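Student: The structure's right below; bear with me while I get my questions together.
The values are calculated or read from the model by the stated rules, or taken from the named source; none is laboratory data. Note that the coordinates shown come from a computational prediction; the quantities given were computed from them, not determined experimentally. So basically every Cβ, Gly included, is an ideal-geometry build from the backbone, and we count neighbours across all protein chains shown. Surface areas here come from the heavy atoms of the whole protein model, side chains and all, with no ligands, DNA or RNA. Shrake-Rupley method; radii C 1.70, N 1.55, O 1.52, S 1.80 Å.
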Amino acid sequence: MNIHEYQAKNLLAKYGVAVPRGSVAFTPAEAEGAARELGGPIWVVKSQIHAGGRGAGRFSDDPEGAGGVRICKSLEDVKENARHMLGHVLVTKQTGAAGKEVKRLYIEEGCDIARELYLGMLIDRATSRITIMASTEGGMEIEEVAAATPEKILKLAIDPATGIMPYHGRKIAFGLGLEGKQVGSAVKFIAAMYRAFLELDASIVEVNPLVVTGAGEVIALDAKMNFDDNALFRHKDVADMRDESEEDPAELEAAQHDLNYIKLDGSIGCMVNGAGLAMATMDIIKLTGGSPANFLDVGGGATAERVTAAFKLILSDPNVKGILVNIFGGIMRCDVIAEGVVAAAREVALHVPLVVRLEGTNVDLGKKILADSGLPIVSADDLGDAAKKIVKAVGEAA
């Protein structure tokens with residue numbers, strides 16, 4: 001689960017992470033009031049959407065205008081910029097061409113920036129440890145830094161037996177070229193950020209830029225936090241921060257049916273049981289010359305009703321020109337899947353080619369149900385055969 005910048009800063013501040021003062025606003029009047037309460041002489045008006053690159057982004061109705069993060073020097077300027085941002089669509093390199101509508105702003109006090117750095121924490125799958133990543137290249141996407149100048153990225157894995165220690169913070173601080181009181185400020189900042197990451201079951205915490213002020217303080221000028229969905233039952237306060245208006249409607253619908261669904265940009269809809277098999281299915285579609293339209297894992301205990309919901313989700317994408325069902329029946333029975341496929345195909349008035357590959361428990365019964373359905377369902381012997389048949393069918397349909 002992702003949250004907005006202002007929410008991340010509020011959470012981090014509770015753990016002692018230094019952040020500038022700020023307030024959320026939903027109307028131009030609220031933005032002006034927040035700025036007045038903060039006091040001047042400089043304020044920053046920030047669009048709040050679940051996407052990076054806001055400062056470099058542009059509004060769809062004013063592509064030559066200012067971006068989604070603006071510096072203001074008067075209360076009137078704050079209110080006017082808020083009016084131009086709220087209710088308008090901001091397009092960044094992470095939103096895609098469709099962009100995202102700005103529904104809330106974060107009004108923040110100005111900051112005396114001496115240096116911009118990068119600091120992040122995540123779980124490193126190779127070591128299964130919380131790993132600190134830092135760079136002197138603040139303000140840039142860390143992926144760009146890794147590609148262009150990987151030597152400028154510092155990595156430090158934290159042993160869970162000891163947790164964060166002062167020497168960890170000093171090592172990062174010295175690696176970033178901090179000195180004097182900046183080091184102590186950074187050590188405190190990193191320790192607080194680690195505690196927040198650990199105790200809130202975060203999957204990533206990213207501060208970019210992490211700034212050193214003219215007074216030598218280290219503070220988070222921006223903040224991004226993602227959380228492990230499986231741990232949200234422990235954090236009702238975090239779960240309540242969810243902004244469903246920022247999420248894909250199809251993915252929200254999928255979650256209500258216990259489906260794991262991610263929309264992609266291809267033309268072949270996929271319905272598979274098991275995340276690994278789903279990845280393999282998408283890979284072989286690409287290898288065969290097609291392009292998957294989605295990742296969809298119906299899970300190990302799917303019912304006919306869930307399969308029907310999955311079909312409706314797939315067909316809600318206008319780009320889908322064909323569907324490949326790939327089921328390996330272990331816990332799941334092939335006859336149940338077949339019944340669900342037949343029911344779904346009839347209910348949604350299937351109008352695109354459908355290829356089904358079944359294997360495993362009750363496979364013969366499942367294939368018989370498909371064959372006796374009277375529907376134009378193409379059976380496949382194995383995954384390779386299924387991929388070839390659906391790619392060919394989609395090509396002919398196009």
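Student: When you scan the range 196-206, do you find a residue that is touching a strand residue (DSSP E or B) at 6+ places or on another chain (Cβ under 6 Å), part of a helix (DSSP H, G or I) and on the phi < 0 side of the Ramachandran plot, even just one?
Tutor: yes
Student: Same structure, new question: Evaluate the range 217-239: report whether one residue or more is open to solvent by less than 30 Å² (accessible area, probe 1.4 Å) and of a type in the set (D, E, K, R).
Tutor: Scanning the range 217-239 turns up no residue that is open to solvent by less than 30 Å² (accessible area, probe 1.4 Å) and of a type in the set (D, E, K, R).
Student: Of all residues in the range 60-75, count the ones that are open to solvent by 20 Å² or more (accessible area, probe 1.4 Å) and at pLDDT 95 or above. Explain how you work it out, then say what you get.
Tutor: Looking only at the range 60-75, we keep the residues that are open to solvent by 20 Å² or more (accessible area, probe 1.4 Å), and these are 60-64, 66, 69-71, 73-75.
If we keep only those that are at pLDDT 95 or above too, we end up with 69-71, 73-75.
Residues flagged as open to solvent by 20 Å² or more (accessible area, probe 1.4 Å) and at pLDDT 95 or above within the range 60-75 amount to 6.
So that you can scan it fast, the table gives a plain yes or no per residue for (1) modelled with pLDDT of 95 or more; (2) over 20 Å from Met241 (Cβ atoms):
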position	(1), (2)
Lys9	yes, no
Ala18	yes, yes
Arg36	yes, yes
Leu90	yes, yes
Gly96	no, yes
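Student: With the checklist (1) touching a residue at least 60 places away in the same chain (Cβ under 8 Å); (2) over 15 Å from the mean Cα position of the chain (by Cα) in hand, flag the one item His257 doesn't pass.
Tutor: (1)
Student: Arg104 versus (1) open to solvent by 30 Å² or more (accessible area, probe 1.4 Å); (2) within 18 Å of Ile190 (Cβ to Cβ); (3) in contact (Cβ under 8 Å) with a residue 60 or more places away in the chain; (4) not aliphatic (A, V, I, L, M): which is the lone unmet condition?
Tutor: Every condition holds for Arg104 apart from (2).
Student: May I pose another question? Being within 19 Å of the chain's Cα centre (by Cα) and under 19 Å from Val207 (Cα atoms) is true for just one of Leu90, Leu122. Which residue is that? Steps first, answer last, please.
Tutor: On the way: Leu90 fails: under 19 Å from Val207 (Cα atoms).
Answer to the check: Leu122.
Student: Still on this structure: Taking the stated definitions as given, is Lys321 closer than 24 Å to Asp248 by Cβ, surrounded by fewer than 17 Cβ atoms within 10 Å (Cβ to Cβ) and not aliphatic (A, V, I, L, M)?
Tutor: Details: closer than 24 Å to Asp248 by Cβ: yes; surrounded by fewer than 17 Cβ atoms within 10 Å (Cβ to Cβ): no; not aliphatic (A, V, I, L, M): yes.
Taking the combined requirement at face value, the residue does not satisfy it.
Student: All but one of (1) surrounded by fewer than 23 Cβ atoms within 10 Å (Cβ to Cβ); (2) not in a helix (DSSP H, G or I) hold for Ala309, so report the exception by its number.
Tutor: Ala309 satisfies every listed condition except (2).
Student: Right, another one. Inside the range 209-294, counting only strands (runs of 3 or more DSSP E) that do not spill past its ends, which hold 1 or more residues that are farther than 29 Å from Val394 by Cα and of a type outside the set (Asp, Glu)?
Tutor: So the answer is 218-220, 224-227.
Student: To continue, here is another question. Condition (residue is closer than 15 Å to Asp258 by Cβ, touching a residue at least 24 places away in the same chain (Cβ under 8 Å) and not aliphatic (A, V, I, L, M)) applied to the range 312-335: is it met by at least one residue?
Tutor: yes
Student: Related question: Considering only the range 24-59, how many residues are more than 18 Å from His4 (Cα to Cα) and open to solvent by less than 50 Å² (accessible area, probe 1.4 Å)?
Tutor: Residues flagged as more than 18 Å from His4 (Cα to Cα) and open to solvent by less than 50 Å² (accessible area, probe 1.4 Å) within the range 24-59 amount to 8.
Student: May I ask you to list pairs of residues, at least six apart or on different chains, whose Cβ atoms are under 8 Å apart, with the first in the range 123-150 being without any contact (Cβ under 8 Å) to a residue 12 or more places away in the chain and the second being surrounded by 14 or more Cβ atoms within 10 Å (Cβ to Cβ) and outside any loop (DSSP other than H, G, I, E, B)?
Tutor: Once the first residue is without any contact (Cβ under 8 Å) to a residue 12 or more places away in the chain and sits in the range 123-150, its partners that are surrounded by 14 or more Cβ atoms within 10 Å (Cβ to Cβ) and outside any loop (DSSP other than H, G, I, E, B) give Ala146/Ile153.
Student: How many of the residues in the range 143-184 are outside any helix (DSSP H, G or I), open to solvent by 70 Å² or more (accessible area, probe 1.4 Å) and under 21 Å from Arg129 (Cα atoms)? Step through it out loud before you land on a result.
Tutor: Filtering the range 143-184 down to residues outside any helix (DSSP H, G or I) leaves 149, 153-165, 176-180.
Next, only the ones that are open to solvent by 70 Å² or more (accessible area, probe 1.4 Å) stay: 155, 160-162, 165, 179.
Subset that is under 21 Å from Arg129 (Cα atoms): 155, 160-162, 165.
Within the range 143-184, residues that are outside any helix (DSSP H, G or I), open to solvent by 70 Å² or more (accessible area, probe 1.4 Å) and under 21 Å from Arg129 (Cα atoms) number 5.
Yes/no per residue for (1) out of contact with any Asp or Glu (no Cβ under 7 Å at 6 or more places or on another chain); (2) of a type in the set (Val, Ile, Thr); (3) within 18 Å of Arg83 (Cα to Cα):
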{"residue": "Met1", "(1), (2), (3)": "no, no, no"}
{"residue": "Tyr6", "(1), (2), (3)": "yes, no, no"}
{"residue": "Tyr15", "(1), (2), (3)": "yes, no, no"}
{"residue": "Ala18", "(1), (2), (3)": "no, no, no"}
{"residue": "Gly22", "(1), (2), (3)": "no, no, no"}
{"residue": "Pro28", "(1), (2), (3)": "yes, no, yes"}
{"residue": "Pro41", "(1), (2), (3)": "yes, no, no"}
{"residue": "Val44", "(1), (2), (3)": "no, yes, yes"}
{"residue": "Gln48", "(1), (2), (3)": "no, no, yes"}
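Student: I'm trying to understand the selection: among the residues of the range 324-337, which are in contact with a Ser or Thr (Cβ under 8 Å, 6 or more places away or on another chain) and either buried (at least 24 other Cβ atoms within 10 Å of the Cβ) or in a helix (DSSP H, G or I) (or both)?
Tutor: Those that are in contact with a Ser or Thr (Cβ under 8 Å, 6 or more places away or on another chain) and either buried (at least 24 other Cβ atoms within 10 Å of the Cβ) or in a helix (DSSP H, G or I) (or both): Leu324, Asn326, Cys334, Val336.
Student: Limited to the range 240-254, what total is found for residues that are open to solvent by 40 Å² or more (accessible area, probe 1.4 Å) and more than 15 Å from the chain's Cα centre (by Cα)? Before the answer, list the steps.
Tutor: Step one: list which residues in the range 240-254 are open to solvent by 40 Å² or more (accessible area, probe 1.4 Å), which gives 240, 242, 244-245, 247-249, 251, 253.
Next, from what is left, pick out any that are more than 15 Å from the chain's Cα centre (by Cα): 240, 253.
Looking only at that region, the number is 2.
Student: Does Val78 satisfy the condition of being open to solvent by less than 70 Å² (accessible area, probe 1.4 Å) and part of a helix (DSSP H, G or I)? Full working, then the answer.
Tutor: Values: open to solvent by less than 70 Å² (accessible area, probe 1.4 Å): yes; part of a helix (DSSP H, G or I): yes.
The answer is yes for Val78.
Student: Given the conditions (1) modelled with pLDDT under 95; (2) polar (S, T, N, Q); (3) open to solvent by less than 50 Å² (accessible area, probe 1.4 Å), report the number of the one that Thr127 does not fulfil.
Tutor: Of everything listed in (1) modelled with pLDDT under 95; (2) polar (S, T, N, Q); (3) open to solvent by less than 50 Å² (accessible area, probe 1.4 Å), Thr127 misses just condition (3).
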